1. Using r as the Cβ-Cβ distance of A:Leu202 and A:Asp325, and R0 as 35 Å, what FRET efficiency do you calculate, to the nearest 0.05?
2. Tell me, what is the percent relative contact order of region A:1-99, built from C-alpha pairs under 8 Å that lie six or more residues apart?
3. Find the relative contact order for chain B and round it to a whole percent, using C-alpha pairs within less than 8 Å whose residues are 6+ positions apart.
4. Once you've got the Cα coordinates, tell me which of A:Lys354/B:Lys129; B:Lys49/B:Lys129; A:Lys53/A:Lys155; A:Lys108/A:Lys155; A:Lys132/B:Lys129 are over 22 Å apart.
5. Mind checking region A:326-413 for GluC sites (Glu not before Pro) that DSSP puts in a loop (not H, G, I, E or B) and that have at most 12 other Cβ atoms within 10 Å?
6. Between B:Lys45 and B:Glu149, how high is the FRET efficiency from 1/(1 + (r/R0)^6) when r is the Cβ-Cβ distance and R₀ = 30 Å? Nearest 0.05.
7. Could you work out the mean count of beta carbons from other protein chains within 10 Å of each residue's beta carbon in B:97-105?
8. Per residue of region B:122-130, what does 6.51 cos²θ - 1.76 cosθ + 1.60 with θ = phi - 60° give for ³J(HN,Hα)? Whole Hz please, x for Gly and Pro, Karplus curve as stated.
Amino acid sequence: MNYVIIGNSVAAVGAVEGIRKHDKTTPIVIISDEPYHTYPRPLISYYLGGKVKEENMYYRNRDFYRANNVEPILGVKAQRLDVDKKEVLLQDGRRINYSKLLIATGGKPLIPPLEGIDKQNIFNFSKLDDVKNIEKVAEKGSRAIVVGASFSGLKAVEALVERGVRVTVIDILDRIMPRVFDETASQMAQKTLEKYGVEVLLETTVQKIVGNKTASGVLLKDGSELACDFIILAMGVRCNIDLVKDTKININRGIIVDNKMRTNVSDVYAAGDVTEGFNFIEQRNTEIPIIPNAYKQGETAGENMAGAEKIFDRGFIMNSMPLLDLSIVSAGVSAPGEGINIKTIYDQEKSVYKKFYIKNNELVGYLLINDIDRAGIYTDLIKRKVDISSFEEKLGEDGFGFISLPKVLRKHILLEGGFS
Amino acid sequence: MDNFNTASRKRIYAKEEVCVGCRLCEIYCIAAHSEYRHDLIKTFKKLPKRPLPRIVVEEDRPLSFGLQCRHCDEPECVKACITGAMQKDAQAGIVINDIERCIGCWTCILTCPYGVIMRDYNSKKVASKCDLCIENDIEPACVKNCPNEALYINASS
């Protein structure tokens, strides 16, 4: 009996901790093509920005593998998967057999088929090695173009600003963070970026990358050319399903899992950004590529692999993103839709924006800019499917809290485990 | 090794019926976490920058009550933390934020169902929360100093 986990980030760690809740001894093997001790991918922007040093890029303590009886096989790619033989073939020729397998291979950056894409000084923004390479060219006063104004692109922009790099960020859509922001929020973010000297170009695309061996600029849709010293591509992430493509494991965009994180093949589980799991808001399977989801899916997979019965069916998109001096949090629904009522509060003077999405008397999503304190109460209202009709007008008010809730509900939540 | 099985569990609860909203819990919490440890006078007279209170007092007169970290068995903040700074100490049964590793991404604030993790911009951007006064090895200062016994500890094992 053994457990094998392919992947070494958040979902993998969640799985180890989930397995060890129930099974303290059976060996676990972790396989990863990256040579590093487990680290969280989103930390790369903080590394690039100089806020986190490489020695602090760890998700769990240095003795994590030893303490959990994990054999890490790092820097070696899992090349092929044979689910009939229950075997993983490694790049170096080794064959690893498993009793229970978890696939937690995460996502991989989308690379557009652009002319000139193979030039030097064009980087993805996904792994530690990416920022180690970017670091070499991101000198003070250098010029960068970041393609993509969503989460990871904006975190790249922030890090570059902190390094004193002159940045232009480009997006094909008419807004910053188009999946989360409306026009007002987008304009707030744009103003902040511009205040820090960032040039924001929306509704445009890169036609080709120019330069000799090294990228020296881009040609935009309107025919204008923009010079730069390097380019970061942050145009989105796809599920990294390379390993399972030619197996019987069901995939759509990601690996399809049930709410125990099982795939359709017995003893094969999947968790994290590589999956399409149940989305509580959308009530169907979707990609939910965020850390809290990766951890919980991993933990759930681990517990079930170890023979427990654990269900996770509350996953949905939520994000917190400080961007320069803005604080932004959002969860759940982020666009208008049928049956959805929207409540907005905008205090231009204080630079505070709040938006709530309400459906059938339940909170189904929200966006908060700057006044983000106690946001988790809203997240919990979504998860609990609380009928908010008796206090809907108080959402987003200063001082909103449990005091705004009906007494019975407040006591129910606050006295769980206490006495009333 | 096992992050979520707690050896002991201590939680602070409030009796909203007897809370008078005096906010002494905040004052004593600030002092307990200041460099003058529990010395109210020195904390408030000598420190230009005082720590944030780690207790939230909700108030809408005549109702008020204090609220602090519940040190959950299944802590959302720990599972959501993007750096691994937020951890559950199984032995002590408390959730602690390692401020050396915290980068102030506020994902814990996004996920804490009680809304009791605060942004602390005082020293650097880190998340601040109740530590049950564990470092001081005393009864939590808020509970000890509540004049109306509106805060109480519920311990179980």
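1. Working: r = 21 Å, r/R0 = 0.60.
Computed FRET efficiency for A:Leu202 and A:Asp325: 0.95.
2. Details: 156 pairs, mean separation 30.0, N = 99.
Relative contact order, region A:1-99: 30 percent.
3. Details: 303 pairs, mean separation 50.9, N = 157.
It comes to 32 percent, rounded to a whole number.
4. Working: A:Lys354/B:Lys129 24 Å; B:Lys49/B:Lys129 17 Å; A:Lys53/A:Lys155 17 Å; A:Lys108/A:Lys155 17 Å; A:Lys132/B:Lys129 33 Å.
Flagged as over cut-off: A:Lys354/B:Lys129; A:Lys132/B:Lys129.
5. Numbers: sites: A:Glu338, A:Glu349, A:Glu362, A:Glu392, A:Glu393, A:Glu397; in loops: A:Glu338, A:Glu349, A:Glu397.
Counting only loop positions with at most 12 other Cβ atoms within 10 Å, the GluC sites (Glu not before Pro) in region A:326-413 are A:Glu338, A:Glu349, A:Glu397.
6. Values: r = 28 Å, r/R0 = 0.94.
The calculated FRET efficiency here is 0.60.
7. Working: counts 0, 1, 0, 1, 6, 0, 9, 5, 12.
The per-residue average across the peptide is 4.
8. 4, 8, 9, 6, 9, 7, 10, 7, 4
The values are calculated or read from the model by the stated rules, or taken from the named source; none is laboratory data. This is a predicted model, so every value here is computed, not measured. No Cβ is skipped: glycine too gets one built from the backbone with ideal geometry, and neighbour counts run over all protein chains shown. These area figures cover heavy atoms from the full protein model, side chains too; ligands, DNA and RNA do not enter into them. Shrake-Rupley method; radii C 1.70, N 1.55, O 1.52, S 1.80 Å.
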